[in-house]
1. Please list 112, 170 from largest to smallest accessible area, probe radius 1.4 Å, with all protein chains kept in place.
2. Which FRET efficiency value, to the nearest 0.05, do you get for residue 85 and residue 246 by plugging their Cβ-Cβ distance into 1/(1 + (r/R0)^6) with R0 = 30 Å?
3. Which whole-Hz ³J(HN,Hα) couplings does segment 266-275 yield from phi under the Karplus relation 6.51 cos²θ - 1.76 cosθ + 1.60, θ = phi - 60°, glycine and proline marked x?
4. Under a 1.4 angstrom probe, counting protein chains only, how are 172, 76, 111 ranked by accessible area, largest first?
5. Which aspartates and glutamates, if any, have their Cα less than 20 Å from the Cα of residue 236, not counting same-chain residues under 8 positions apart?
6. Once you have all Cα-Cα distances for segment 209-301, histogram them in 5 Å bins from zero and send the whole-percent values.
7. Whenever you get a sec, line up 66, 119, 204 from highest to lowest accessible area (probe 1.4 Å, protein heavy atoms).
8. To the nearest 10 square angstrom, how much accessible area does residue 75 have with a 1.4 angstrom probe?
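The values are calculated or read from the model by the stated rules, or taken from the named source; none is laboratory data. Just so you know, these numbers come straight off a predicted model, no measurement behind them. Here the Cβ is made from the backbone with ideal geometry for all residues, glycine too, and neighbour counts use every protein chain on show. Ligands, DNA and RNA are excluded from the accessible area calculation, which covers all protein heavy atoms including side chains. Shrake-Rupley method; radii C 1.70, N 1.55, O 1.52, S 1.80 Å.
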Amino acid sequence: MMQVDGGQITARTWRGMAMATGVVTALLLNSACAPVSAKADGAEATPEAVPMKSAPCVKAIPKPYKWEGYNDQLKDACVGPTHFRFPANMFRDQMGPDFQGNFTLVLMWPDLQPAEPGKLNGQPFDQVMARVQISPDYVDRVPIETRLERFTHTTYGEDSERNPSSVLALRDRQPDRFGLTPYYVNAQRYEDFQTEQNRRLGMKGRGKVENTSDWYLHRDDAGRLITFIRCDSHLKPDGYTARNGTLVKNPNERTNAQCDHHFVMEDIKAVVGIYYPRALLGEWARFEDRARTMLIESRVP
């Protein structure tokens, strides 16, 4: 889920879930790096494939993917120049990074362990909803230290500066919940903004405040933003209830409210995204700790 000028892109919340039951047919990177070696006759140097485990994540070259069946063998992965190894069954397709080297890891709530090899395909929907997905993104073009603050000012052009759904200062602060500070969109301010915008631009379209997102912030003792969570509006029901380690569908609720959660690991210059149902928001700190620990423990020195 992503908030843009009062609208909503639900694909962000379901980031890549359509691939969860598919099989990647494109070529995958063989998790290899390409050092340069010179030919004996003095000809121009050519790249040679070297297993990633013996070289840093600098440059990779494609190689035809060889299907080895579902398993839990360690697979190499990169976040920028940082090298990791994760069990194959932890990846979203339970095989490894995609052909561009990108990857999403999937843990199953409530134990936050990967599904058994080959078991993500064909899961019933309540188990699909119980997936906690983790995606680290390398950041090298903007300062990583202030990256989260950019989420609180998602403006694009003059109009968005006045959009109460895009700017933290225009939102209404709510009482703390789960150790987070919620900020909701002010319905009247949002209505007035759209009325003025439609008048000025000659438009007739109008978004609904229930289609905006709620923001949840967590700051350290120095006031620096260290966790940013964006969820479907509180005006929509959860759709599910966590009960005895199971997500139970509420029969009278047609929605499946979601959250996307972000924190920064400055040492590897990565913003880590976590995606899960809003019914599990109370466990946000546990999810963040698990993601951070997993990335630290899986890093290759």
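1. Output order, biggest surface exposure first: 170, 112.
2. Values: r = 32 Å, r/R0 = 1.06.
E between residue 85 and residue 246, to the nearest 0.05, is 0.40.
3. Result, ordered by residue: 5, 5, 10, 6, 10, 9, 9, x, 10, 10 Hz.
4. Details: 172 50, 76 25, 111 90 Å².
If we order 172, 76, 111 from most to least accessible, we get 111, 172, 76.
5. Of all the aspartates and glutamates, those that pass the test against residue 236 - Cα under 20 Å, at least 8 places apart if same chain - are 5, 126, 172, 176, 191, 210, 214, 253, 260, 283.
6. 3, 12, 20, 20, 17, 13, 8, 5, 2, 0, 0
7. Numbers: 66 150, 119 115, 204 190 Å².
Sorted descending by solvent-accessible area, the residues read 204, 66, 119.
8. The accessible area comes out at roughly 50 Å².
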